[in-house]
2 protein chains.
Amino acid sequence: MQKLVYLAVAYGLSTAAPALAQQAEKVDQAMIAKIKDEGLNRSQVMKTAFYLTDVSGPRLAGSEGLKRAHEWTQKQMAQWGLVNSKIDPWGTFGRGWDIEKSYVAMTAPYYHNMIGAPKAWTPGTNGAIKKQIVLVKATTEADLDKYKGQLRDKIVLTEVASEPKTTFAADAKRYTDEELLKMAAPAEARPARQGNDDAMAAYRARLALRTKMAELFMQEGAAAVLSTRGGSHGTFFTSNGAPYAADAKPVLPEIEMAPEDQLRLIRLVEAGIPVEVEMDTKTKFQTQDLRGYNVIAEIPGTDKKLKNEVVMLGAHIDSWHAATGATDNAAGCAVMMEAVRILKAVDAKPRRTIRIALWGEEEQGLHGSRNYVKNNFGDPATMKLLPAHEKLAGYFNLDNGSGKIRGIYAQGNEGVQPIFTEWLKPFADMGATTVTPRNTGGTDHLAFDAVGLPGFQFIQDGLDYNTRTHHTNQDTYERLQADDLKQASVIVASFVYNAAMRDQKLPRKALPQAPQPKS
Amino acid sequence: MQKLVYLAVAYGLSTAAPALAQQAEKVDQAMIAKIKDEGLNRSQVMKTAFYLTDVSGPRLAGSEGLKRAHEWTQKQMAQWGLVNSKIDPWGTFGRGWDIEKSYVAMTAPYYHNMIGAPKAWTPGTNGAIKKQIVLVKATTEADLDKYKGQLRDKIVLTEVASEPKTTFAADAKRYTDEELLKMAAPAEARPARQGNDDAMAAYRARLALRTKMAELFMQEGAAAVLSTRGGSHGTFFTSNGAPYAADAKPVLPEIEMAPEDQLRLIRLVEAGIPVEVEMDTKTKFQTQDLRGYNVIAEIPGTDKKLKNEVVMLGAHIDSWHAATGATDNAAGCAVMMEAVRILKAVDAKPRRTIRIALWGEEEQGLHGSRNYVKNNFGDPATMKLLPAHEKLAGYFNLDNGSGKIRGIYAQGNEGVQPIFTEWLKPFADMGATTVTPRNTGGTDHLAFDAVGLPGFQFIQDGLDYNTRTHHTNQDTYERLQADDLKQASVIVASFVYNAAMRDQKLPRKALPQAPQPKS
């Protein structure tokens, strides 16, 4: 799940009460029973997740790990009998990047191996370096002046914004009935967005300061940078924003650190105790192939009239680099792949074509899905639509970690609410009951929503997504909850099957207007 | 806090209802008020903790870090005006050991830096090595046979007994009123100790198997061992049992690993995927000085008749090696040091002499305190007592992490219960109210108890001691709770002052019998 777009899309929908009584939605209960049997009793979702995580490794956009995952998923889906299975370029992304060595330790006043990883798309140290460190503290650009002339050949230490706290609340939680009930209601109107605007302004200011700092460190000839974005107990968060463009300006080697290790260095420096750090990092850029890719495969439709229509399901296959992206988002990919595997295994004959997409480069701005939509359905900038736009019955996305499905976001589409309510009924005893009219953001269904296509994301139990896994070095296979993923797989398979079988495509919202050109 | 003795001492006391009405215990309320004012408003406990943790570093028995801590504490207490401040050898411990480099990474099928640290007292790899790995799975000695001939020049991977689980309970907690009330009652009798006996037998069997495995790995010429004792999210536990004796048999280089990293290697190997690991560890043994030490300092008594009597307070200053031993037990040392600092700052003139001891080598079996008691008070093996035995008014210990004091264990001493109840009254509004008749074990007050001296450990809120800090790589300064340590400091200072002022020494239990020689 991508992070920067949170603020922009987190506004709930405030429209009033829903839809008229509609004709009863037909659900093929026998098929749902088969899907449940296959998905709950002969699941392969954890095996798929293992190949996506442990075997492929970290799957940063453009990395060798992502390439391994592309190749394995494409082949695996072909083996399951899907057709048109391909690794599908969507356009130019930027440079590939992999870590080939990562080592950072305090070597004075005593030895201490530290926990950290090179920041994505930063260079390595070109061999081991041992340097004194300098702590840079700045809240404004003017604060930086005093460091001029102080940084040459030093390792620069930046401050820790968020210190680890002892946790008296559980890392992981599930939605309570009360919380789900509240979600089922339309979001309260938010007349004053001042808070968000302020937060966005503060965020932009921090970003601008960080850019200035990076320029200073480079100009002054610092050797490297140690920084941290938070975490605790050996968990650290990795960040977006590093330059992946082929023509990006050079940056210094930089390691994102476990806060405890960064804080120890800071406390020692502030007490006037000389500190020396050793770094030995090696990273590899590849620039032969700057394209980004999605992995696509299909179960062909069987109805003469409807087989040219498509139901899509998807999740992003790329991840951050400090772990194996298990909950963000091997989980979603494994569930989506398992859903199509189940449909093949039960020999479903969908009327419409079912197409799975494992999106690339989501973490850098939903690039894979946005460009796929632009290339195939229409451009949200102009709202010029392509012929296939008319043929998409619906898109289903999963990208909120490993938690089981508790319902679905109708994304402001009143027409789908009674349909999804009916589709969820067979899963009430598995905890999935809620259809919320609200929007949710941060991931690939937005690409479809942006051109007026019915794209939806499921509601999932949060588990430890926000505390321990999302964009951290601890987003590993251990964090996957097998029972949750099985449940999600059968629900997704059912939704996709239902969408492929119903007489009509899913209802759509009114088409968005193309943005006005700026004067 | 030491670990191996848990099972042996965890039995509660089952004697019936307590003590007769006694003469009212005098408490100098004006002095308590001064102690609170100094300890709560001008605390130095976190500064002391900083020097013990970040500045000294890990303080494994015999290490350079422990030596730094010895020197700093001895000097600091002398600067505060304590007398007879000394680094006091207690006898022969064994070899010193420090980590000079620690690096372990998976280098195939792709690169992944792993979290781990050399097991204490293991040798290094003598430069970087890159090796294939072999997973050894054994529940009985016979299971080991199939690995003969398979291990030469390989890095051996042992199994993970305790896999990380997603935590739906908080890492940290405090005692509830209900729990404290239950503790205040005598422990329920435990007629059947079968469970504990079984656990002990199983523990011994695992230990024996582990010894056999280590022998096999060595005989077969394995290159190194990767093992894990549990933990999660980048937290890993370090273990006792490595040989520190100067004449210990050689062992292989061994790294204790974060379970997630160990499990990834295991899953890959079990899936038939070739895995290569790079290790580069360097450890340093020192054998020039095999002695162990305690740090001792005193506030001299002022009462002509009583100044030859002594009230002691203490905590162990050694730690495990993968972190800075913040909660185990820089916290206890910082509180004890702060207690004597407070008493000096308020110019307390204790009738009896107050003596602080920062014990060495606790983690390997309470060596520092046991030998101090044996050298100064008496030998529990013979119950031959030395003259000073009669002069000890009481001993107070703190070694259950960073949590505030909620009360005290009377350790089966009925006579002290009404006294401690009275002494706690000024701290009721700070959460310390409970006197339990029960025993607690695992740390240095046992050394005193073993020769019939009144030695006590306080009840502390557990916080995240068992989940995150006790014997882990994450027992760092961040885990210290300043407010809790301040509270503990003023309570300890008060208890020690009260014990130094009262007319009588603290009541004692009946002397233990010397163990019968085995026939």
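Quick check on segment B:300-319. Is at least one of its residues under 19 Å from B:D475 (Cα atoms) and out of contact with any helix residue (DSSP H, G or I) (no Cβ under 8 Å at 6 or more places or on another chain)? The answer is no; no qualifying residue exists. When B:G442 is tested against (1) under 30 Å from B:A381 (Cα atoms); (2) modelled with pLDDT of 95 or more, just one condition goes unmet, and that condition is (2).
Taking segment A:100-204 as the region of interest, the strands (runs of 3 or more DSSP E) fully inside it that hold 3 or more residues being within 14 Å of chain B (Cβ to nearest Cβ) and farther than 20 Å from A:A214 by Cα are A:104-108.
From the list A:T211, A:T228, the one residue that fits, being free of Cβ contacts under 8 Å to residues at least 24 places away in the same chain and either hydroxyl-bearing (S, T, Y) or crowded, with 22+ Cβ neighbours inside 10 Å (or both), is A:T211.
Looking only at segment A:249-284, which residues are away from chain B (no Cβ under 11 Å), open to solvent by 30 Å² or more (accessible area, probe 1.4 Å) and in contact (Cβ under 8 Å) with a residue 40 or more places away in the chain? A:P250, A:V251, A:E254, A:P274, A:E276, listed by residue number. Tell me, yes or no, whether segment A:466-477 has at least one residue that is within 11 Å of chain B (Cβ to nearest Cβ), in contact with a Phe, Trp or Tyr (Cβ under 7 Å, 6 or more places away or on another chain), open to solvent by less than 10 Å² (accessible area, probe 1.4 Å) and over 19 Å from A:L60 (Cα atoms). No, segment A:466-477 contains no residue that is within 11 Å of chain B (Cβ to nearest Cβ), in contact with a Phe, Trp or Tyr (Cβ under 7 Å, 6 or more places away or on another chain), open to solvent by less than 10 Å² (accessible area, probe 1.4 Å) and over 19 Å from A:L60 (Cα atoms). Based on this model, can you work out whether B:L82 counts as of a type in the set (A, V, I, L, M, F, W, C), within 14 Å of another protein chain (Cβ to nearest Cβ) and open to solvent by less than 30 Å² (accessible area, probe 1.4 Å)? When the stated conditions are applied, B:L82 does not pass them. Pairing residues of segment B:470-483 that are part of a helix (DSSP H, G or I) with residues that are open to solvent by 10 Å² or more (accessible area, probe 1.4 Å) and among the hydroxyl-bearing types (S, T, Y), at Cβ distances under 8 Å and at least 6 apart in sequence or on separate chains, gives B:E478/A:S232; B:R479/A:T166; B:A482/B:S43. Counted as qualifying within segment A:321-417 are the strands (runs of 3 or more DSSP E) with 1 or more residues that are open to solvent by 10 Å² or more (accessible area, probe 1.4 Å), namely A:353-359, A:405-409. Scanning segment A:108-146 for residues that are in contact (Cβ under 8 Å) with a residue 12 or more places away in the chain and small (G, A, S) returns A:A108, A:G116, A:A117, A:A120, A:G124, A:G127, A:A128, A:A138.
Just one of the listed residues (A:A499, A:A428) is in a helix (DSSP H, G or I) and either hydroxyl-bearing (S, T, Y) or open to solvent by less than 10 Å² (accessible area, probe 1.4 Å) (or both), and it is A:A499. Of all the residues in segment A:216-238, those that are more than 21 Å from A:T327 (Cα to Cα) and part of a loop (DSSP other than H, G, I, E, B) number 5. Within segment A:39-70, the set of residues being away from chain B (no Cβ under 11 Å) and assigned to a loop (DSSP other than H, G, I, E, B) comprises A:R42, A:S43, A:Q44, A:L60, A:A61, A:G62.
Among the numbered conditions (1) among the aromatic types (F, W, Y); (2) more than 14 Å from chain B (Cβ to nearest Cβ); (3) touching a Gly at 6+ places or on another chain (Cβ under 9 Å), the only one that A:F237 does not meet is (2). Taking segment A:353-375 as the range and being over 19 Å from A:M337 (Cβ atoms) and not acidic (D, E) as the test, the residues that pass are A:Q364, A:G365, A:L366, A:H367, A:R370, A:N371, A:V373, A:K374, A:N375. For the residues A:G301, A:G221, the requirement of being loosely packed, with under 15 Cβ neighbours inside 10 Å, away from every other protein chain (no Cβ under 14 Å) and in contact with an Asp or Glu (Cβ under 8 Å, 6 or more places away or on another chain) singles out A:G221. Of the residues screened, A:S102 is not one that is hydroxyl-bearing (S, T, Y) and in the same structural domain as A:H321 (by TED's automatic domain parsing).
The values are calculated or read from the model by the stated rules, or taken from the named source; none is laboratory data. It should be emphasised that the depicted structure is a prediction, and the values quoted were computed from it without experimental measurement. Counting neighbours? That spans all protein chains shown, and the Cβs are built from the backbone with ideal geometry, glycine included. Surface accessibility is based on the protein's heavy atoms, side chains included, excluding ligands, DNA and RNA. Shrake-Rupley method; radii C 1.70, N 1.55, O 1.52, S 1.80 Å.
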